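Some notes on the structure that comes next.
The values are calculated or read from the model by the stated rules, or taken from the named source; none is laboratory data. Note that the coordinates shown come from a computational prediction; the quantities given were computed from them, not determined experimentally. Note that each Cβ is placed from the backbone with ideal geometry, even for glycine, and that neighbours are counted across all protein chains shown.
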Amino acid sequence: MLSVTDLRDAAADTALDAVVPRAEVDVSSTVSAVLPIIEQVRTGGASAVLELGERFDGVRAPALRVPAEAIEQALQTLAPEVRAALEESIRRARKVHAAQVPSGTEVELADGAIVENRWVPVDRVGLYVPGGRAVYPSSVVMNVVPAQAAGVQGLAVASPPQREHGGLPHPTVLAACALLGVDEVYAAGGAQAVAMLALGVKDDDGTQVCAPVAMVTGPGNVYVAAAKRALLGRIGVDAEAGPSEIAVIADGTAQAAWVAADLISQSEHDPLAASVLITDSEELVRDVLAEVERQAPRLPLAEQIRTALTGPQSGVLLVRDMDHAVQVADAYAAEHLEVHTRNPEQVARRVTHAGAIFVGPHTPVPLGDYSAGSNHVLPTSGTARFSSGLNTVTFLRLQQLIRYDAQGLEELIDGVSALAHDEGLEGHGAAMRIRRS
């Protein structure tokens, strides 16, 4: 299923970012498609969101906001083993994200001159949880836990209405919200959900149904990404999530069956999901390809898996050695990177561009999707070169408090005045000098 590209004879100056596989997702061209949806929500309020849900999701939610009793009922009927797994996932994620809370600092620069760095949480956040091809209670955990760790007071979750569940979001999504203490949940998906969160919506009688948020986070399809882009500035966003990606750096010591299983696992998310093997072993390539052909047809989503693995975004990259593998991995900048090598820790620490790195054969990506304690909302499409996955700091703002007294100010009056004069801003200098005693 996977194509093989031999990079062993590539010139040293080869632009690797041009030869690594990529999914073809054009968010820019989709923005024009979501603008009318955003405008419909702006003018039509809650009724418009319900109408758009009926059009795109095939069901009209009985109400935009999910009743508290439906959230509680979902928790009461949750299978015990799923509840236990979710509780463990929450416990581990809370420990990791609590450790990410930065400490404020106070810096004394001179007598009477202090700058304080203070971290302040965003007031209100909209958390998007997908609900198309699969059920994602894990995304509830990954969105809510870091926001709560940051101290965000207002949390609103939006997830698409499900025809099979009477127009409510999936019960497992609702149960996850209950376990996390989130009771503001909306049956809304796609671009209309992002617009609802960003703009706020009222009922036909003018009653506020959903108050606007300051930030929207969470993964979604290209329409969700396009709505985030269109509304950026009115709201903050975490990222524009593209299709899921996995890259595996492996040498001849890797277990071919395990590598194949991991490549297959991420292709279950989307036909555009990317699975990339980077290796210096021709023998491993042969064995992994055979394992993919053996394992994939046995799975319920076999047809989608085949589509993803045969797409231009997936493939095998044959490299000269592990040094070359690290270079290729950095050029690809995978959302998820696994390292199956003789010295996985050493190789992993040399990689600088990846959303999350899974070190060693006993750390598969599905562990991170659910219960590793790390976050699974990660940068895609090469954006790991300059951005991070969702984390506690995402929901915090650095605010600086500057405190100078007369003595501290006096020391800088002449210097600031000189700089202001050089920039042609005489009023700046005058505002300094007028305070001179």
Subject >> Single match in TYR136, TYR186, TYR128 (criterion: hydroxyl-bearing (Ser, Thr, Tyr) and more than 20 Å from HIS269 (Cα to Cα)) >> reply: TYR186
Subject >> Matching residues in segment 410-421 - criterion: being over 44 Å from the mean Cα position of the chain (by Cα) and in a helix (DSSP H, G or I) >> reply: GLU410, ILE413, ASP414, GLY415, SER417, ALA418, HIS421
Subject >> segment 96-117 residues that are without any contact (Cβ under 8 Å) to a residue 60 or more places away in the chain and outside the structural domain of VAL144 (by TED's automatic domain parsing), paired with ones that are assigned to a loop (DSSP other than H, G, I, E, B) and among the basic types (Lys, Arg) (beta carbon under 8 Å, 6 or more apart) >> reply: none
Original post:
How many of the residues making up segment 360-381 are more than 13 Å from the chain's Cα centre (by Cα), in a loop (DSSP other than H, G, I, E, B) and farther than 27 Å from GLY104 by Cβ?
Top reply: 7
**OP:** Might you let me know whether segment 128-143 holds any residue that is more than 29 Å from GLN40 (Cα to Cα), small (Gly, Ala, Ser) and within 18 Å of the chain's Cα centre (by Cα)?
**Re:** yes
Subject >> Matching residues in segment 330-359 - criterion: being assigned to a helix (DSSP H, G or I) and farther than 17 Å from LEU2 by Cβ >> reply: ASP330, ALA331, PRO344, GLU345, GLN346, VAL347, ALA348, ARG349, ARG350
Subject >> Filter pass, ARG91 being surrounded by 14 or more Cβ atoms within 10 Å (Cβ to Cβ) and either in a helix (DSSP H, G or I) or modelled with pLDDT under 95 (or both) >> reply: no
Subject >> Residue tally, condition in a loop (DSSP other than H, G, I, E, B) and β-branched (Val, Ile, Thr), over segment 382-400 >> reply: 0
**OP:** Please tell me if GLY429 is surrounded by 18 or more Cβ atoms within 10 Å (Cβ to Cβ), part of a helix (DSSP H, G or I) and outside the structural domain of GLU268 (by TED's automatic domain parsing).
**Re:** yes
Original post:
Right, VAL115: part of a helix (DSSP H, G or I), modelled with pLDDT of 95 or more and among the aliphatic types (A, V, I, L, M) or not?
Top reply: no
Original post:
Are there any pairs, at least 6 apart or on different chains, whose C-beta atoms fall under 9 Å, with the first in segment 395-420 and closer than 11 Å to ASN117 by Cβ and the second surrounded by 13 or more Cβ atoms within 10 Å (Cβ to Cβ) and acidic (Asp, Glu), and if so, which?
Top reply: GLN399/GLU116; GLN400/GLU116; LEU401/GLU116; ILE402/GLU116
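Just the residues that are hydrophobic (A, V, I, L, M, F, W, C), surrounded by fewer than 20 Cβ atoms within 10 Å (Cβ to Cβ) and in contact with a Pro (Cβ under 9 Å, 6 or more places away or on another chain), please, taken from segment 236-259.
Correct list: TRP258 only.
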